[in-house]
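Visitor: Here it is: the structure, laid out below.
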Amino acid sequence: MDILEQFEYSLPELWCDKKEIRESAQTNLEGSLTVKNTGSGMLTGALSCSSRFIKFTPTRFKSNFITIGYKADLSSFRPSESIKAQAVLVTNGGELEIPINITAEPPCIVTDDGAKIANSSDFASYARESPLKAVEYFRKSEFRQILERTSPELVSIYDHISSDSNKERSMESFLRLIAAKKPAKVVVMRKRIQFWVKPFETELQTGVIPIKKEGWGFIEDNVYIEGGAMWLKVPLTLAQALEKQGLPFYIEPVLLPKKFNSAKIRLAGNPESHCEISATKLPFFKASLSREILGPEEDGAIIVDNYTGSDLLAEVVPADSFIRLDAKRYHVKERAEIPFKVRLTALQSLSVRKQLTLDTSITVRAAVRDSHFSVKLKLSVGEWR
C-alpha cells in the first residue's frame, strides 16, 4: 500500500435542504432547516445570522442529521417591509451562505363567510353587509393587530372605545369616529295619535306608531315617555319594534288624571324621533243643534251623543214656549236626533220684525249614576232676507 493511502480517509460533507429563505408572513414566521452529513465521520458546525429579528435554534451542533428551527419577528415591520439578512453555516464538512428575505404581509382576518379584512376600510364594508358578525370580529385581538400594523394612530381610539360593555355601541362609535359611516336613525311616520276615551271605560286602549330605520348600524335601544305619564305604556323594546316596523303602546283609561292628557314618546334619544299621544276623556253626553239660527216657522233638531255605554234618559227643556217638542224626555242609546219646531205667536213675530232676532235656548239634562248634568244650547230665531 502506498504510504499516502495510509493517511487518506473520507471527510464529512455538508448538505442543507434550503439554499435560501424567501417567505412572507403577517406577524411571526416559523420554519426549519434540515442539515445532514453526506460524507463520513461526524458533522460539527455553527450557524450565525446577521439580523436580530431572526433567531435560529440551535446555533451549534454535532450531529449527522439535525433540524435547525428559526423564528422571524415581523411585529415591528409595516406591510411590504422586509427583513433582509444572511445566515452563515460553518461546518467541518463545508460552509454555506443562506440569503434571507422575509416580507411582512398585510394582516388579514378571513371571516367564516369568506370575507377578508385587512384594514379599517375592509372592516367598515364587512360591518355594513354583516353587522352582527362584524361585532364579534371587532373585539378579536387579530383586529387590533391589523390596526397596529395598518393604522397605528387608531389603536388608542380602539382601546378606549372597545372597553364599552355594549359591543354593538362600541363598534358603532369606532366606525363613526373614523368617518366610515353616518349614524342610523329612527323615522316616525306619524307624529300625532289621538284617542277619545268614553266614561267608565276600563279596557286598555291600544295603538301602534309606524316607524322605520334609516341607515345601518347601532341605534340606542331607548324608548322614553316624556313627563313620566303613568297612563301611557310601551311593552316592546325599540329593537323589537323596528323588526315589526311599528311601536305598540297602550293607554290605561283608569289612570287618566285630566280631561285632556298628552305625552310624547321619544325614540333612541333623537329629538326628531317622537310621537305625541293624546287621550281626551269624553263627557257623559254631548248635545248640539243641527242649526243655531232658524226662521220663525222652521224646524230644527237637537243631536245628543251618549258616551256612557248604557241607555241615557235625556230631558229637554226649552227656555221659550215657541219651541215645540213632541215630549219632555227621550231615551238615547248611542245617538239621537230630537226634532223640534219654531212656531211664533203673532206678537212674537212682530217682535222679531222690530228686533230682527229673538235669542233663546234649549237645555238638555240627564242623570248619570246619581249625578246630574246639563248642557245649554243657544238658538237665534229671526227673519233673514
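Visitor: Using only C-alpha atoms and all pairs of different ones, pull out the Kirkwood radius for segment 112-177 in Å with one decimal. Don't skip to the end; give the middle numbers.
Guide: Working: mean 1/r = 0.0849 Å⁻¹.
Its Kirkwood hydrodynamic radius stands at 11.8 Å.
Visitor: Taking Rh as the Kirkwood radius computed over C-alpha pairs, what is the Stokes-Einstein D of segment 5-104 at 10 °C in a medium of viscosity 1.306 mPa s, expressed in µm² per second? Mind dumping the intermediate values first?
Guide: Numbers: Rh = 14.4 Å.
The diffusion coefficient I find is 110 µm²/s.
Visitor: Measure nothing but the geometry: give the 0 to 90° angle between the long axis through the Cα atoms of 346-355 and the longest principal axis through the Cα atoms of the chain, rounded to 10°.
Guide: 50 degrees
Visitor: Turning to a different aspect of this structure: Give me the net charge of Arg324's neighbourhood, meaning all other residues with Cβ under 14 Å from the Cβ of Arg324; Lys, Arg count +1, Asp, Glu -1. Write down the numbers at each step before the final one.
Guide: Working: positive: Lys328, Lys341, Arg343; negative: Glu297, Glu298, Asp299, Asp320, Asp326.
Result for the local shell: -2.
Visitor: May I ask you to evaluate 6.51 cos²θ - 1.76 cosθ + 1.60, the Karplus curve with θ = phi - 60°, for each residue of segment 244-259 and list the ³J(HN,Hα) values in order in whole Hz, giving x for glycine and proline?
Guide: Residue by residue, segment 244-259 yields 8, 6, x, 9, x, 8, 8, 10, 9, x, 5, 9, 5, x, 10, 5 Hz.
Visitor: With a point put 7 Å past each Cα toward its Cβ, work out how far Phe260 is from Glu297 in nm, to one decimal.
Guide: Each label point is offset 7 Å from its Cα along the Cβ direction, giving 4.4 nm.
Visitor: So for segment 291-379, what are the equivalent ellipsoid semi-axes in whole Å, largest first, each being the square root of 5 times an eigenvalue of the Cα gyration tensor? Working shown, then result.
Guide: Working: eigenvalues 163, 28, 21 Å².
The answer is 29, 12, 10 Å, longest axis first.
Visitor: What do you get for Rg/Rh over segment 77-218 if you use C-alpha atoms and the Kirkwood form of Rh?
Guide: Numbers: Rg = 26.6 Å, Rh = 19.6 Å.
Rounded to two decimals, Rg over Rh is 1.35.
Visitor: Kirkwood Rh, Cα Rg: Rg to Rh for segment 31-160?
Guide: 1.19
Visitor: In degrees, nearest 10, range 0 to 90: what is the angle between the Cα axis of helix 167-177 and the longest Cα principal axis of the chain?
Guide: Around 80 degrees separate the two axes.
Visitor: Averaging sequence separations of C-alpha pairs under 8 Å and six or more residues apart, then dividing by the length of the chain, give the relative contact order as a whole percent. Walk me through the numbers on the way to the answer.
Guide: Values: 791 pairs, mean separation 36.2, N = 385.
Relative contact order for the chain comes out at 9 percent.
Visitor: With 10 Å bins from zero, work out the P(r) of segment 186-281 over every alpha carbon pair and list the percent per bin.
Guide: In order of increasing distance, the bins hold 16, 51, 25, 7, 1 percent.
Visitor: Rounded to a whole number, what is D in µm²/s for segment 199-341 from Stokes-Einstein with the Kirkwood radius over alpha-carbon pairs (10 °C, 1.306 mPa s)?
Guide: On the way: Rh = 18.9 Å.
Estimated diffusion coefficient is 84 µm²/s.
Visitor: When Lys and Arg each count +1 and Asp and Glu each count -1, what net charge do the other residues less than 15 Å away from Leu33, Cβ to Cβ, add up to?
Guide: Values: positive: Lys18, Lys19, Arg22, Lys36, Lys55, Arg60, Lys71; negative: Asp17, Glu20, Glu23, Glu30, Glu95, Glu97.
Summing Lys and Arg as +1 and Asp and Glu as -1 gives +1.
Visitor: Continuing with this model, one more query. Can you give the log10 of the normalised intensity I(q)/I(0) at q = 0.09 Å⁻¹, computed with Debye over equal Cα scatterers of the chain?
Guide: -0.81
Visitor: What full-extension length gain, to one decimal in nm, is calculated for Met230 and Gln86 as 0.36 nm per residue of separation minus the Cα-Cα distance? List each step's numbers first, then the result.
Guide: Values: separation 144, 0.36 × 144 = 51.84 nm, distance 7.86 nm.
Full extension of this stretch gives 44.0 nm more.
Visitor: Okay, next question. What's the angle, to the nearest 10 degrees (0 to 90), between helix 120-129's Cα axis and the longest principal axis of the chain?
Guide: The angle comes out at about 40 degrees.
Values in this text are rule-based calculations from the coordinates and carry no lab data. The shown structure was predicted, so the numbers you read here are calculated from the model rather than taken from an experiment. Cβ: placed from backbone, ideal geometry, glycine included. Neighbour counts: every protein chain shown.
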